[in-house]
Amino acid sequence: MWDWVNDPAVRASAFCSEPVSWEEHQRWFRGKRADPGCIHYMITDEHGSAVGQVRFDLQADGTAETDVSIAREHRARGVGSEALQLACAALADLGRAQRIVAKIRSGNTASQRVFEKGGFVFQDKQAMGGMEVVIMGREGRGRC
């Protein structure tokens, strides 16, 4: 995951474009693993090798904010949208979110397409941290 987050294409479309140090990533990952409001799915290929992740951060209002990361060599093959659909279905089975949202940098059309294919629809554009962000969402109940 640390390699994925530091991929130049990922950094270019992230809210913070600075590389993430190993130490910073370890602290973040330990915190996410300890957080009961974080539901994290690792995506593997048919050989059991990790190819991506889908994470949901549950909010008090019943919303889950999601994040998807796919290894470079598996992008543009439909892996992201398929992983997102499977993760949304698994989250629905848990019954822990009524709505799922994604916040995507306005120029990141590849991510926007992944979320569209995953059943998300455009909801809003907002300024966040000095940049324009597209908000996409879908109902959390039911299958993708």
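Remarks
- Every helix of 4 or more DSSP H residues in the chain counts as -39500 (n - 2.57), and over all residues that averages to -9500 deg cm²/dmol at 222 nm.
- Per-pair calculated FRET efficiency, R0 = 22 Å: GLN85 and ALA9 via Cβ, rounded to 0.05: 0.45
- Between ARG77 and ASP57, the distance separating the two model label sites (each 7 Å from Cα on the Cα→Cβ line) works out to 2.9 nm.
- Net charge of Cβ neighbours under 11 Å - reference GLY78; Lys, Arg +1; Asp, Glu -1: +3
- Length gained when the stretch GLN123-ARG96 is fully extended (0.36 nm per residue, less Cα-Cα span): 7.6 nm
- Test item: Cα-centred dipole of the stretch 38-139, Lys/Arg +1 and Asp/Glu -1 on Cβ, debye: 240 debye
- Cα-based shape type of the stretch 38-139, given that a ≥ b ≥ c are square roots of the gyration tensor eigenvalues and the cut on a/c is 1.5: oblate
- Sparse packing (at most 15 other Cβ atoms within 10 Å of the Cβ) combined with a DSSP loop state is found for the following GluC sites (Glu not before Pro) in the stretch 18-81: GLU46.
- Shape call, the stretch 48-107: gyration tensor on alpha carbons, a/c limit 1.5: oblate
- Taking label points 7 Å from Cα along the Cα-to-Cβ direction, GLN26 and GLU46 give a separation of 3.7 nm.
Coordinate-derived values only; no laboratory data. The model shown is predicted, which means the values in this text are computed figures rather than measured ones. So basically every Cβ, Gly included, is an ideal-geometry build from the backbone, and we count neighbours across all protein chains shown.
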